Amino acid sequence: MKYTMLGFSQQIAADYGLDLNDLAILRWFVDFKESGNMRSMKIDGDVYYWVFYEKISEELFIIKLQKSAIYKRLKKMCDCDILKKKTVSCGGNYSYFALGENYQELIKSQKYIKTKSPKKNNTSPDENTTSGNDTLDDLDHDYNINAPFESSSN
């Protein structure tokens with residue numbers, strides 16, 4: 001049996017209800033954030049990265065998903081705490097993502113032995129938006145939609 005797919009545990013992914021398209025999107029996110037070329041900002045002490053849904057659709061054209069489908073798949077990963085999302089409103093709404101608590105489960109190198117069900121996050125989408133009380137460190141107010149992947153200095 002092949003235990004990993006795109007660097008993620010097949011069994012853990014299946015337990016969370018993720019398929020190969022979800023893993024391709026997650027691999028894109030992880031690789032892009034690690035490249036240092038992704039716009040980022042510190043929110044509530046964690047570094048989040050801006051995701052432009054259309055860019056994923058363009059770069060992962062082989063999975064044939066449009067913006068709305070990509071949004072739903074990222075939301076699914078947030079619902080099971082693989083990813084975390086913050087929406088930043090500053091001259092428009094921008095979706096920022098970070099790795100969630102359960103991401104580590106997907107990249108464990110040892111064989112998976114099913115002993116418990118994965119944790120589900122029942123947070124409503126409205127709870128994932130930033131409010132006036134959130135701290136937005138290093139917020140760059142000069143958002144240029146034509147250059148969505150410039151890295152901000154942290």
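Residues whose amide H falls under 5 Å from that of Met5, counting only those 5 or more places apart or on a different chain, are Gln10, with hydrogens built in the peptide plane. Taking only protein heavy atoms and a 1.4 Å probe, the accessible area of the stretch 1-54 is 51% carbon and sulfur.
The values are calculated or read from the model by the stated rules, or taken from the named source; none is laboratory data. Everything quoted here is computed from the prediction, not taken from an experiment. Only protein heavy atoms, including side chains, enter the accessible area calculation; ligands, DNA and RNA are left aside. Shrake-Rupley method; radii C 1.70, N 1.55, O 1.52, S 1.80 Å.
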